[in-house]
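Taking it in order: structure first as structure tokens, then the write-up.
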Amino acid sequence: MIAAGRYGARVVLWLTVAFGRVAITAFGADEAVLKPRVPIEKIDEARTWTNPLAATEENIEKGKSLFHGKAFCVTCHGRDGKGLGDIPGLVGKLPRNFTDKAWQAARTDGELLWILKNGSPGTDMASFVPLVLTEEEAWQVLLYVRSFGQP
Ligand code: HEC
């Protein structure tokens, strides 16, 4: 009985470790998410760009209406910013979870603006400036993206 109990505990432990590994591979992908998206040769310059707009309620509201409106960010990034989108069956690389504080901290505003100007190479994230958004509007929408990281 005791031996069986020990054996059982080992099986449970093994299953926990095995499942944990699978779960990390499938959902964790933290490092992949945090890895910079701006190409290495451009990143130093991108990091020098800072948002000229203050995070006032008015500017965040403007960003919010662009996110949900003409810039249609919401279709892929979702109403809650978690990146599951509103399109059923969205395939390919999924957008980030904007509520993830580790992701928020890993990015400078300049890197995010670079992505809005150039897209994220090799993914569905296209370039929005200047075709869809002016640079000023892009900074507004980024204030809204940042607001997902607030408590
Ligand atoms: C067609 C779907 C789609 C639309 C529309 C879209 N995105 Fe994305 N976005 C993505 C995907 C996919 C990624 C992840 C790319 C990657 O893994 O590098 C992404 C990544 C990002 C990133 C972060 C990249 C990083 O550094 O981790 C930001 C910021 C972003 N999008 C903002 C926006 C904003 C703002 C809009 C609207 C102006 C928008 N996106 C519209 C699909 C979309």
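Each value in this text was obtained by applying a stated rule to the coordinates, not by laboratory testing. Model, not experiment: these values are computed from the prediction.
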Notebook entry, point to check: Roughly speaking, what is the stretch gain from Ala105 to Lys70, that is 0.36 nm per residue apart minus the C-alpha to C-alpha distance, in nm to one decimal?
Noted result: 9.9 nm
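Please give the direction-averaged projected area of the C-alpha convex hull for the range 30-78, in square nanometres with one decimal. Present the calculation step by step, with values, prior to reporting the outcome.
Numbers: hull surface 20.5 nm².
Averaging across all directions leaves 5.1 nm² for the Cα convex hull.
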Margin query: Eigenvalues of the Cα gyration tensor times 5, then square-rooted: what semi-axes does that give for the range 36-147, in whole angstrom, largest first?
Written below: 19, 18, 14
Check: For the range 91-134, what Kirkwood radius comes out of the mean inverse Cα-Cα distance, in Å?
Finding: 11.4
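Of Lys42/Lys70; Lys42/Lys82; Lys64/Lys117; Lys35/Lys62; Lys35/Lys117, which pairs sit farther than 24 Å apart, going by alpha carbon to alpha carbon?
Values: Lys42/Lys70 28 Å; Lys42/Lys82 27 Å; Lys64/Lys117 18 Å; Lys35/Lys62 29 Å; Lys35/Lys117 19 Å.
From Lys42/Lys70; Lys42/Lys82; Lys64/Lys117; Lys35/Lys62; Lys35/Lys117, over 24 Å: Lys42/Lys70; Lys42/Lys82; Lys35/Lys62.
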Margin query: What does the extension gain come out to for Thr50 and Ala32, with contour length at 0.36 nm per residue minus their alpha carbon separation?
Written below: 4.0 nm
